[in-house]
Amino acid sequence: MADTHAETVLFVRDTMLPQQEPPLSTVGPVGWARTNLFSGWLNTIITIVALLFVINLIAHLLPWFISGTWNATSLNDCREMMAAVGNEQGGACWGVIRERWPQLMFGFYPAELYWRPVLVLVLLFVALAPILFADRTPTRMLGFTAVFPFLGAWLLWGGTIWNPITALLGFVVGYVVFSLVSKVVNAGVSLFVAVVASVIWWTTLAGYVVLGLSAIAPLAIASVQSREFGGFLLSITIGVTAIMFSLPIGILLALGRRSHLPLVKALCVGFIEFIRGVPLITLLFVASTLLNIFLPPGTNFDIILRVMIMTTLFASAYMAEVVRGGLAALGKGQYEGADSLGLDYWQAQRLIIMPQALKISIPGIVSTFIGVFKDTTLVSIISMFDPLGLANAIRADASWNGIYWELFIFIGAIFFIFCFSMSRYSMYLERKLQTGHR
Amino acid sequence: MTDTAFDTTPAIDPAALKVSDEVAIEISNMNKWYGSFHVLRDIDLTVHRGERIVIAGPSGSGKSTMIRCINRLEEHQSGKIIVDGTELTSDLKNIDKIRSEVGMCFQHFNLFPHLTILENCTLAPIWVRKTPKKEAVETAMHFLEKVKIPDQANKYPGQLSGGQQQRVAIARSLCMKPRIMLFDEPTSALDPEMIKEVLDTMIELAQEGMTMICVTHEMGFARQVANRVIFMDQGQIVEQNEPEEFFNNPRSERTKLFLSQILGH
Ligand SMILES: Nc1ncnc2c1ncn2[C@@H]1O[C@H](COP(=O)(O)OP(=O)(O)OP(=O)(O)O)[C@@H](O)[C@H]1O
Ligand SMILES: [Mg+2]
């Protein structure tokens, strides 16, 4: 090359430059500050103003936050304590949190039975582990996860052990009916028949079975009424239930909405649009008052159960749309790839479509979860004592009349911890499921 | 569109490729419409076991639609399609049975991006054929070796080159031990040097006697491997012949025009 083109070459490099360290001012904390905080005079001014603002804010709020009045038993008590240490500009009366802690946590749940909700909370994490960290926990633990809703409900409400067992048997009934019927007709019809069979079991037969079994073997723990539930116990019970059930129901609704069967599709669209078109408060009012009118007199349909059903349905409708978004984002090629290998509809959905669609929808799903969890505070409107309802009750009490910020800051902080954890978990999950570009 | 990919591959001996009398696919009087648009018109085609058929034709002529009807990715509205003695009707059991007997490779591979290469290959054998996992993995590794990428087994499709992905797609189909393979422009999304590696894999398959129907613009491949070339235009089969005759002595004007365009002379 060199000799043929010698006269046309203007420049030839004969020594290669070695790699050099970048200038110090562009790396490390100094470099970071330089590029992000002080690049140009406008940025520098904004940085300084913002910094002054933050410092000022902290200087004002911090003394209020750390005023040591944890032992006060009433607002007056608290004020006296502050006056005694010469705290002029006032401070937070955290005494209310300490004094009302059990109530904020458990509502009016009998104090000697507090161990039951605490145990349920611990078991909840055990049950969640195989779902949240599937790759680090043995698959066998999923068995416990399946039993947990029944075990948890029994521990919370108490009563005879035959209640959760017969409820669980409802699924067994459904399964047996399904496997028998599906030998004769197709999967869709047999699923329908199986659901009907389970519902019949739960609504009619189960009651007698429980009576019979309790007569034979009266195994029971002290029962707790729904109106004794309150505080975070109530929020978490309703929130976790809605979160757990809204995802599967939402997935089914989303699939139904994309179905080629006109009836299934119409039902799903109708349900989703109706629920999304109605405020949650309305649904809760229906649950608390109207439902009683429609139900046969004397039916004992638990208020918390009614609220849980409404919240779950509400969340499912939103979930369905989030999942549908994920499904729409998948190309036709994935369906064709699955079809061409001979996978049937449910196999293709479970193994190919859903894992990808759900992964795409993680941010939306978690947003819905967080929304539902926060929406549980709306039950205070139908006079249930969730933390906000309790806060109002506490403020109505003579000894804490006039307290405001401390309670709401505390409740807000607890909600924040839960919601922020969900958000962080979703980011972790997204990173973990990242398998390179398509 | 070029013959270049073939310059280095050894010619295969056509005598080694025997076509049996057994009928693998029989399409008779098949018609298909998209809405009111008549895409496939009176298609008649019989494919014997061991045949390697190349389908060519201008864009939009219905090539993809036709081979997709064979495993019912598309539904035909009239006429008959019989695959391996089973007629394609709306009976879902038959459809899934035929799909598990007929492998298909797509232009855009359609690998499952959330599964590793190995999982892509073992999924269908495990769930459709109910093969034990260990055996499915052995089969998968066997076919991955055959397409020369066993060392990529634990990577994800997104980490492979286009040519490698297409070879995985072929291996994935082969793991189902299909009796017929359909290819829909398997190389048209690939760079020239990747085209060669995919075509080599397909030639090897042909040599082993696989019944193949292949939509492609690789005329070199058609000359070398096909025992029949079918030319389609406007939803109809316009001409079919042995490759030598087809290329050297096309009968219809439409074919002549197409060949002169595609071969660039
Ligand atoms: N889903 C669809 N709905 C309506 N028309 C369609 C659909 N798919 C394909 N067509 C039309 O049917 C005709 C045949 O399409 P097909 O994909 O079979 O062509 P092709 O021969 O494979 O073309 P190419 O070489 O570009 O892949 C085209 O005119 C196309 O526009
Ligand atoms: Mg095509």
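The values are calculated or read from the model by the stated rules, or taken from the named source; none is laboratory data. All values derive from a computational prediction rather than experimental measurement. As a convention, Cβ positions derive from the backbone with ideal geometry for all residues, glycine included, and neighbour counts pool all protein chains shown.
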Exercise. Are there any pairs, at least 6 apart or on different chains, whose C-beta atoms fall under 7 Å, with the first in the stretch A:140-166 and farther than 14 Å from A:Met244 by Cβ and the second of a type in the set (S, T, N, Q), and if so, which?
Worked result: A:Trp154/A:Asn163; A:Leu156/A:Thr237; A:Trp157/A:Ser223; A:Gly158/A:Ser223; A:Gly159/A:Ser223; A:Thr160/A:Ser214; A:Trp162/A:Ser214
Exercise. Would a scan of the stretch B:213-222 turn up a residue that is crowded, with 18+ Cβ neighbours inside 10 Å, within 14 Å of another protein chain (Cβ to nearest Cβ), within 16 Å of ligand 1 (Cβ to nearest atom) and at pLDDT 90 or above?
Worked result: yes
Problem set entry | Selected residue (criterion: nearest to A:Gln356 (Cα to Cα)) from residues of the stretch B:150-163 that are within 12 Å of chain A (Cβ to nearest Cβ) and part of a loop (DSSP other than H, G, I, E, B) | B:Tyr156
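Could you list, in sequence order, all residues of the stretch B:87-131 that are within 16 Å of ligand 1 (Cβ to nearest atom) and not aliphatic (A, V, I, L, M)?
The initial filter retains those residues of the stretch B:87-131 that are within 16 Å of ligand 1 (Cβ to nearest atom), namely B:104-110.
Of everything in the stretch B:87-131, those that are within 16 Å of ligand 1 (Cβ to nearest atom) and not aliphatic (A, V, I, L, M) turn out to be B:Cys105, B:Phe106, B:Gln107, B:His108, B:Phe109, B:Asn110.
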Problem set entry | Condition check for B:Thr211: in contact (Cβ under 8 Å) with a residue 60 or more places away in the chain, within 16 Å of ligand 2 (Cβ to nearest atom) and polar (S, T, N, Q) | no
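Any idea how many residues of the stretch B:87-128 are among the aromatic types (Phe, Trp, Tyr) and without any contact (Cβ under 8 Å) to a residue 12 or more places away in the chain? Quick ask: steps written out before the conclusion?
Here is the first cut: in the stretch B:87-128, the ones among the aromatic types (Phe, Trp, Tyr) are B:106, B:109, B:112, B:127.
Next, from what is left, pick out any that are without any contact (Cβ under 8 Å) to a residue 12 or more places away in the chain: B:127.
Here the count works out to 1.
When you scan the stretch A:180-189, how many residues do you find that are crowded, with 16+ Cβ neighbours inside 10 Å and modelled with pLDDT of 85 or more? Spell out how you get there, then give the answer.
Here is the first cut: in the stretch A:180-189, the ones crowded, with 16+ Cβ neighbours inside 10 Å are A:181-182.
Going one step further and asking which of them are modelled with pLDDT of 85 or more, we end up with A:181.
Summing the residues that are crowded, with 16+ Cβ neighbours inside 10 Å and modelled with pLDDT of 85 or more in the stretch A:180-189 gives 1.
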Seminar exercise, completed: Within the stretch A:375-428, the count of residues that are surrounded by 12 or more Cβ atoms within 10 Å (Cβ to Cβ) and of a type in the set (Lys, Arg) comes to 1
Problem set entry | Identity of the residue in the stretch B:129-149, part of a helix (DSSP H, G or I) and free of Cβ contacts under 8 Å to residues at least 12 places away in the same chain, that ends up nearest to the other protein chains (Cβ to nearest Cβ) | B:Lys133
Exercise. Can you name the condition, by its number, that A:Thr69 falls short on among (1) touching a Phe, Trp or Tyr at 6+ places or on another chain (Cβ under 9 Å); (2) loosely packed, with under 12 Cβ neighbours inside 10 Å?
Worked result: (2)
Exercise. Looking at B:Leu118, B:Leu182, which is the one that is modelled with pLDDT of 95 or more and within 16 Å of ligand 2 (Cβ to nearest atom)?
Worked result: B:Leu182
Seminar exercise, completed: Within the stretch B:164-212, the residues that are closer than 15 Å to B:Phe106 by Cβ, within 13 Å of chain A (Cβ to nearest Cβ) and β-branched (Val, Ile, Thr) are B:Val168, B:Ile170
Exercise. Quick one: would you say B:Arg52 is more than 12 Å from ligand 1 (Cβ to nearest atom) and in contact (Cβ under 8 Å) with a residue 24 or more places away in the chain?
Worked result: yes
For this session: Check B:Met181, B:Met176, B:Met194 and return the single one that is in contact (Cβ under 8 Å) with a residue 12 or more places away in the chain, under 27 Å from B:Ser64 (Cβ atoms) and assigned to a strand (DSSP E or B).
Result: B:Met181
Problem set entry | Residues (in contact with a Phe, Trp or Tyr (Cβ under 8 Å, 6 or more places away or on another chain), of a type outside the set (Gly, Ala, Ser) and more than 7 Å from chain B (Cβ to nearest Cβ)) located in the stretch A:326-371 | A:Ile353, A:Val366, A:Thr368
Exercise. What strands (runs of 3 or more DSSP E) completely inside the stretch B:18-128 contain at least 2 residues that are within 14 Å of chain A (Cβ to nearest Cβ)?
Worked result: B:102-105
For this session: Give the stretch A:212-254 a look and list any residue that's more than 22 Å from A:Thr311 (Cβ to Cβ) and in a helix (DSSP H, G or I), or say none.
Result: A:Gly212, A:Leu213, A:Ser214, A:Ala215, A:Ile216
For this session: Could you tell me which residue of the stretch A:196-217 is modelled with the highest pLDDT, considering only residues that are surrounded by 14 or more Cβ atoms within 10 Å (Cβ to Cβ) and aromatic (Phe, Trp, Tyr)?
Result: A:Trp201
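Kindly establish whether B:Asp84 is in contact (Cβ under 8 Å) with a residue 60 or more places away in the chain and on the phi > 0 side of the Ramachandran plot.
Details: in contact (Cβ under 8 Å) with a residue 60 or more places away in the chain: yes; on the phi > 0 side of the Ramachandran plot: yes.
So B:Asp84 fits the description; yes.
Would you check if A:Arg116 is charged (D, E, K, R), more than 23 Å from A:Ile409 (Cα to Cα) and either without any contact (Cβ under 8 Å) to a residue 24 or more places away in the chain or not in a loop (DSSP other than H, G, I, E, B) (or both)?
On the way: charged (D, E, K, R): yes; more than 23 Å from A:Ile409 (Cα to Cα): yes; either without any contact (Cβ under 8 Å) to a residue 24 or more places away in the chain or not in a loop (DSSP other than H, G, I, E, B) (or both): yes.
Spelling it out, A:Arg116 is indeed charged (D, E, K, R), more than 23 Å from A:Ile409 (Cα to Cα) and either without any contact (Cβ under 8 Å) to a residue 24 or more places away in the chain or not in a loop (DSSP other than H, G, I, E, B) (or both).
Pull up the stretch A:401-438, narrow it to residues that are in contact with a Phe, Trp or Tyr (Cβ under 7 Å, 6 or more places away or on another chain) and away from chain B (no Cβ under 14 Å), then point me to the one that is nearest to A:Gly91 (Cα to Cα). It would help to see each step written out before you state the result.
The first filter runs over the stretch A:401-438 and keeps only residues in contact with a Phe, Trp or Tyr (Cβ under 7 Å, 6 or more places away or on another chain), leaving A:406, A:414, A:418-419, A:422, A:435-436.
Adding the requirement that they be away from chain B (no Cβ under 14 Å) leaves A:406, A:414, A:418-419, A:422.
Numbers: A:Glu406: 10, A:Ile414: 21, A:Phe418: 27, A:Cys419: 28, A:Met422: 32 Å.
Among residues in the stretch A:401-438 that are in contact with a Phe, Trp or Tyr (Cβ under 7 Å, 6 or more places away or on another chain) and away from chain B (no Cβ under 14 Å), the one nearest to A:Gly91 (Cα to Cα) is A:Glu406.
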For this session: Answer yes or no as to whether B:Asp233 is within 14 Å of chain A (Cβ to nearest Cβ) and either within 16 Å of ligand 2 (Cβ to nearest atom) or under 20 Å from the mean Cα position of the chain (by Cα) (or both).
Result: no
